[in-house]
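Q: Got a structure for you, written out below as structure tokens; questions coming shortly.
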Amino acid sequence: MHFLPNFTLELARRKGLEISIVLFDRKDFIQKGPRGCNLCAGVIAESLIQRLERRGISLPPRKVQRKIGAYYFQLKSSGWLLKHPLKKDAITTVFRGNGPRFSAQEGNISFDDYLLEQIRRREGVEIVPCPVNRIELPPDLHNPVKIIYGSGDNQLSMEAELVVCAFGLNSNLLNKIVKMGFGYVPPETVRARCMEIFLGEEIILEHFGNTIYICNWRSAGGMFYAGIIPKKDYLTMNVVGERDAGKNELMKLLNLSEVRKRFPEGFKPPENFCSCSPKVAFSAAKKPFTNRLVIIGDACCSRYYKNGIESAFLTAKAAANAVFNAGVSESDLRDEYYRKIKRLIIRDNFYGRILFKADELVYRSPFLSKVLMRLAIDEEKRGKGGIASVILWNMYTGNIPYRKIFRMALTPAFWWKLIIGVFSY
């Protein structure tokens, strides 16, 4: 939702229209822990950073926890370091809220509060820190939508020409939208598990540096993907898989021998730590629109296991363009909003599923894993990112569309290198 007002105001100005925007957001992003957080591991893709900078939004140094320039892919007995193909520290780690629940840091480091502050400065936007309790659709397109908001007995209502829902997958409002009966079906989800571990800046620099560690393993019930993400003083551990991940999966991750050796000798997980279980979509919603109402963000769709924040950016931009270029009817939003999102994200995820399934097959084969590892290491030694490195980097960072990565993986150059690697192993 924090991206939408900027797009909307700019389009209105270009068309010479005066509009007013009311943003309902009850979350206080300067609170620590899940109360102030949008339940996210806090990795901002290079592509989103570039999109924000083109719009004049550059993160202040205080909001940046760490700049990431490499990924380490941990295998069962070995692994390899994959650096940015252009040798840049381009990926940014942040806290969505004001840091973990038990942190002692002072001041405001919240990424989401910074985005909200950019909106506060815009004329024509009113921010209402209240929950939305109900949305009443009009009987026809000629009447406005009614919004009922507030807490307890102090409930108010207002009318709107358009309602844009950006409540995410973890909101209570999701089920209320389903019950409105216009055909919306939320995405299918699994629960990830996030944990924040305090280590201190010196230890994190010594043991993890500016590198995100990726570890995959197959457990009862499916494949799990784990990211170990360095912040400034904290380490964020994130586990997501083919079924819900819980505390047991986090403990399994911490107890893997190849992970334990990354930590200081004698390290023990703290008894009290900040953790959450956010929902992660692995399919798209059905019919996230009707007359005068459109749903954006991951409650509509998001990239397969990647970049929920950037998906919010893309869907917000698509919704704003659809409304100003076509209209607010159900047919307008279907043709100008949903069809574009299908091309950008939903159809692209088809290729993402194939790539991650191939990645699982490679991981389960020690021979193929080592062949791919040697290929990536050889490319790194030559001092420039080769095709294998580029494929792996973009697949795990989500920096370019999956369909482009898939096409790279089908090129004769990649397969020739792979065949040579197999026969020279």
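Q: Which number in (1) within 30 Å of E360 (Cβ to Cβ); (2) modelled with pLDDT of 90 or more; (3) of a type in the set (S, T, Y); (4) over 21 Å from the mean Cα position of the chain (by Cα) marks the one condition that S20 misses?
A: Here S20 clears every test but (1).
Q: Which one of the conditions (1) open to solvent by less than 10 Å² (accessible area, probe 1.4 Å); (2) in contact with a Ser or Thr (Cβ under 7 Å, 6 or more places away or on another chain); (3) not in a loop (DSSP other than H, G, I, E, B) does T92 fail to meet, given that it meets all the rest?
A: Unmet condition: (2).
Q: Take the residues in the stretch 364-413 that are out of contact with any helix residue (DSSP H, G or I) (no Cβ under 7 Å at 6 or more places or on another chain) and aliphatic (A, V, I, L, M), then tell me which one is surrounded by the fewest Cβ atoms within 10 Å (Cβ to Cβ).
A: Residue satisfying both the conditions and the ranking: L410.
Q: Quick one: which of V328, V323 is of a type in the set (V, I, T), part of a helix (DSSP H, G or I) and more than 17 Å from N170 (Cβ to Cβ)?
A: None of the others qualify; the one that does is V323.
Q: A further question follows. Just checking, which of S277, S311 is farther than 30 Å from E206 by Cα and not aliphatic (A, V, I, L, M)?
A: From the options S277, S311, the qualifying one is S311.
Q: On to the next question. State which residue is modelled with the highest pLDDT when the search covers only the stretch 281-307 and only residues that are of a type outside the set (K, R) and open to solvent by 40 Å² or more (accessible area, probe 1.4 Å).
A: Step by step, filter the stretch 281-307, then rank; the result is N291.
Q: From the list I91, I109, which one is closer than 23 Å to C274 by Cα and of a type in the set (A, V, I, L, M)?
A: I109
Q: Could you say which residue among R353, R343, R303, R339 is part of a helix (DSSP H, G or I) and within 18 Å of the chain's Cα centre (by Cα)?
A: R353
Q: Does at least one position in the stretch 73-88 carry a residue that is open to solvent by less than 60 Å² (accessible area, probe 1.4 Å) and either at pLDDT 90 or above or closer than 30 Å to S20 by Cα (or both)?
A: No, that holds for no residue.
Q: Next question. Which strands (runs of 3 or more DSSP E) sit wholly inside the stretch 128-216 and have at least 3 residues that are open to solvent by 20 Å² or more (accessible area, probe 1.4 Å), in contact (Cβ under 8 Å) with a residue 12 or more places away in the chain and closer than 30 Å to S257 by Cα?
A: Hits in the stretch 128-216: 193-198.
Q: Go through (1) in contact with an Asp or Glu (Cβ under 9 Å, 6 or more places away or on another chain); (2) in contact (Cβ under 8 Å) with a residue 60 or more places away in the chain; (3) under 13 Å from Y304 (Cβ atoms) for N399 and report which single condition fails.
A: Here N399 clears every test but (3).
Q: Answer yes if at least one residue in the stretch 260-272 is within 30 Å of W217 (Cβ to Cβ) and in a helix (DSSP H, G or I), and no otherwise.
A: Yes: the stretch 260-272 contains one or more residues that are within 30 Å of W217 (Cβ to Cβ) and in a helix (DSSP H, G or I).
Q: Continuing with this model, one more query. Among R334, R353, which is the only one that is modelled with pLDDT of 95 or more and either closer than 26 Å to I400 by Cβ or surrounded by fewer than 18 Cβ atoms within 10 Å (Cβ to Cβ) (or both)?
A: R334
The values are calculated or read from the model by the stated rules, or taken from the named source; none is laboratory data. What you see is a predicted model; the values in this text were computed from it and never measured. When we count neighbours, we look across all protein chains shown, and the Cβ atoms used for this are built from the backbone with ideal geometry, even at glycine. Ligands, DNA and RNA are stripped out before the accessible areas are found, and what is left, the full protein with its side chains, is counted by its heavy atoms. Shrake-Rupley method; radii C 1.70, N 1.55, O 1.52, S 1.80 Å.
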